[in-house]
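Contents: one structure, followed by commentary.
The values are calculated or read from the model by the stated rules, or taken from the named source; none is laboratory data. Every value quoted in this text rests on a predicted model; they were computed, and no experiment measured them. Cβ coordinates were reconstructed from backbone atoms using ideal geometry, including for glycine residues, and neighbour counts include every protein chain displayed. All accessible areas refer to the heavy atoms of the entire protein, side chains included, with ligands and DNA or RNA removed. Shrake-Rupley method; radii C 1.70, N 1.55, O 1.52, S 1.80 Å.
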Amino acid sequence: MYKTEVNYGPKIDYEHCNKCGTCYQHCPMDVFGWDEEKKMPTVAYPAECSFCCFCEIMCSEVAIDVHLPLHHMLDFGISPAELKKEYKILDEK
């Protein structure tokens, strides 16, 4: 089977993650996996994300950021170029 990398879906900031497993337990699309060795959640199936952002909302540590794919951003009228400018400004501060 081929493994395809996607640049959208939930991203976990492991510096802030407290390893509670809320995202793993409550994701309606079963996007998250559980690393038994490290006792922490992983993003196992990012392409299956429905972008409901439930994991992002439920995370008590605000350690999850759901990245929208380009076609969703365009559908919502979000300009990727403007986002890039905005983040660049935020990164410089």
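When only residues in the stretch 59-75 that are outside any loop (DSSP other than H, G, I, E, B) and not acidic (D, E) count, which is nearest to N7 (Cα to Cα)?
Out of the qualifying residues, it is H67.
Could you please tell me which pairs satisfy a Cβ distance under 8 Å, a separation of 6+ or placement on different chains, a first residue in the stretch 62-76 that is free of Cβ contacts under 8 Å to residues at least 60 places away in the same chain, and a second residue that is of a type in the set (S, T, N, Q)?
A63/N18; M73/S79
Could you tell me how many of the residues in the stretch 17-58 are in a loop (DSSP other than H, G, I, E, B), in contact with a strand residue (DSSP E or B) (Cβ under 9 Å, 6 or more places away or on another chain) and either hydrophobic (A, V, I, L, M, F, W, C) or open to solvent by 70 Å² or more (accessible area, probe 1.4 Å) (or both)?
So the count comes out to 11.
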